[in-house]
């Protein structure tokens with residue numbers, strides 16, 4: 001039964017989840033918010049949804065790049081080198097990005113007869 005919506009970045013974790021729960025996923029939602037890797041990952045999200053026959057919706061969030069500060073939004077050269085637990089890596093955080101995306105997905109899910117499995 002296709003009763004779930006997935007937030008799909010196109011990266012390894014969400015794509016693995018897409019395949020793991022493909023029988024339950026009625027829709028995939030991806031967000032383009034201007035990060036350095038958005039274009040590449042969204043290509044993969046589209047490809048895998050097409051392979052599985054899962055409807056895929058891409059929602060643009062241009063205000064994130066416009067109003068938020070993060071090296072992830074400023075271009076590849078702005079991303080520092082290091083491990084994720086290094087202090088300099090804090091600059092790659094996009095504040096409340098996931099909360100914004102989850103709120104949108106939770107609002108869209110009922111309109112498509114699904115629950116948000118984010």
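Tabulated values for the structure
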read-out	value
Tally of residues being closer than 24 Å to residue 70 by Cα and without any contact (Cβ under 8 Å) to a residue 60 or more places away in the chain across the stretch 2-58	22
Number of positions in the stretch 37-56 that are closer than 13 Å to residue 7 by Cα and surrounded by fewer than 17 Cβ atoms within 10 Å (Cβ to Cβ)	2
Selection count, the stretch 1-43, where residues are closer than 19 Å to residue 61 by Cβ, touching a helix residue (DSSP H, G or I) at 6+ places or on another chain (Cβ under 7 Å) and not in a strand (DSSP E or B)	7
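Every read-out reported here was derived from the displayed coordinates using simple, explicitly stated rules and does not represent laboratory data. Model, not experiment: these values are computed from the prediction. Neighbour counts are summed over all protein chains in view; Cβ atoms, including those assigned to glycine, are modelled from backbone coordinates with ideal geometry.
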